[in-house]
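Contents: one structure, followed by commentary.
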Amino acid sequence: MITYQCDGVEMPQIDQEKVNQWIEKVAATFNMKVGPICYIFCSDKRILEVNNQYLHHDYFTDIITFDYCTKTRISGDLFVSLDTVKTNSEQFAPNYNLELHRTIIHGILHLCGINDKGPGEREIMERHENDALEMFNF
């Protein structure tokens, strides 16, 4: 089950049913099934608090993924800063909607085992993000 919550921000305009089906399709490409997933949309202030409290990082980010996966089932809590998504869309993406969906699937890719911190991993993550975005059919 995939749920969407807001913490101090308005719910973004996304087609939740379509996003749910997309997430299941992307997870299946990694031979994973979807378990409980909770997206928490929030502000920069809130994501900084989460980043400080749980990861001991003192910086803003677009998404923080808490992984509760089992061997073949993805599960987790995903905090998404809509402020940072907006900033990133203005700097890197053609539009906000595309950047929001890129961020949404970025967390799912982490749950599927794709990393982006080590040498060469960022490029691999970007390739998987682009492949997933093509599957969405905007």
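Counting other C-beta atoms within 10 Å, and keeping those with at most 10, which DSSP coil chymotrypsin sites (Phe, Trp or Tyr not before Pro) do you find in the range 1-105?
Sites meeting the loop and neighbour criteria: 59, 92.
So which trypsin sites (Lys or Arg not before Pro) in the range 35-106 are both in a DSSP loop and have at most 16 other Cβ atoms within 10 Å of their Cβ?
Answer in residue order: 71.
How big is the dipole moment of the range 2-136 about its Cα centre under a simple scheme where the beta carbon of each Lys and Arg is +1, that of each Asp and Glu is -1, and everything else is neutral? Debye, nearest 20, please.
Approximately 420 debye in magnitude.
For the range 9-57, list log₁₀ I(q)/I(0) at each q in 0.24 Å⁻¹, using the Debye formula over Cα point scatterers of equal strength and ignoring solvent, two decimals each.
-0.90
Once you sort the root eigenvalues of the Cα gyration tensor of the range 54-98 as a ≥ b ≥ c, which label holds: rounded (a/c under 1.5), prolate (a/b larger than b/c) or oblate (the other case)?
oblate
Relative to 2.2 N^0.38 Å, what does the C-alpha radius of gyration of the chain come to as a ratio? Two decimals please.
0.98
Coordinate-derived values only; no laboratory data. Small disclaimer: the values here were computed from a predicted structure and weren't measured. Here Cβ is always computed from backbone atoms with ideal geometry, including for glycine, and neighbour counts include all displayed protein chains.
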